[in-house]
1. Let me check I've understood the local charge: for LEU171, count other residues with C-beta under 14 angstrom from its C-beta, Lys and Arg +1, Asp and Glu -1. What total comes out?
2. How many nm separate the modelled label positions at GLN142 and ILE182, each set 7 Å beyond the Cα in the direction of the Cβ?
3. Hand me the chymotrypsin sites (Phe, Trp or Tyr not before Pro) from segment 43-76 located in a DSSP loop with no more than 11 other Cβ atoms within 10 Å, in residue order please.
4. Taking the highest mean first, how do the peptides 145-156, 97-108 order by number of other beta carbon atoms within 10 angstrom per residue?
5. Between ARG111 and LEU81, take the C-beta separation as r, use R0 = 41 Å, and let me know the FRET efficiency to the nearest 0.05.
Amino acid sequence: MKQLTTRVGPIALLSLITPLSAWAIGGPSTNFFMQGLNHPLVIPAHLIVVFALGLLLGQQGWRQARVVLPTFIVVFCGALLMTRIQSVSWDTEMILLPLAGLMGILLTLKRQLPLVLPLIIAAIAAVVIGLDSSVPQIPGLQARKIYAHLSGSGVSISALLLVVTFIALALRNVLQGVILRILGAWCTAGALLVLALLLANVART
């Protein structure tokens, strides 16, 4: 356990790196940082995908998680920065929800996957969530406030993924992995439910 904590340290540190302006007590950037923290938590598609990815990495074991976790964080941070020059013109939920459903199915099947598959899934999730976390365009908005908001989103998503992954690692062998398989089934059901509600709203308009 001590060895695991030592290995986890650099990953956790990477996820918590933010501009100093974001932590300025009483500064105007603080509010934007807090808004960034809250942003991913109010989007069901983001939460379901991050939750499912963390469970999948935990089920696959630390050998894969230690590679996929930093990859996700780096790609995600890059996607956040890309929002400064690229806006999303497609429906991200129609990508994220089926992706969450796929991960839920993989969790239920409980198969040891080749490393490349979780890497691809994590990279897709990181790019889509990152590009979908852009800051609203407000005339005259200072760059430091934009980066404070993006930093908040980065910390929120990365920390959530780390927490879920480590909990899943602890539950990996409990009851022969049945708990993670049940949670995987819930992820698939939740993703399909949200997707059905979205399609129903689209059909009404």
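Nothing in this text is a laboratory measurement; each read-out follows from the coordinates by a stated rule. Just so it is clear, the model here is predicted, and its values are computed rather than measured. Every residue, glycine among them, receives a Cβ derived from its backbone with ideal geometry; neighbour counts consider all protein chains shown.
1. +3
2. Between GLN142 and ILE182, the simple spin-label model gives 5.1 nm.
3. On the way: sites: PHE51, TRP62, PHE72, PHE76; in loops: none.
For chymotrypsin sites (Phe, Trp or Tyr not before Pro) across segment 43-76 that sit outside H, G, I, E and B with at most 11 neighbouring Cβ atoms in 10 Å, the list is empty.
4. Details: 145-156: 24.3, 97-108: 21.4.
Result, highest mean Cβ count within 10 Å first: 145-156, 97-108.
5. 0.70
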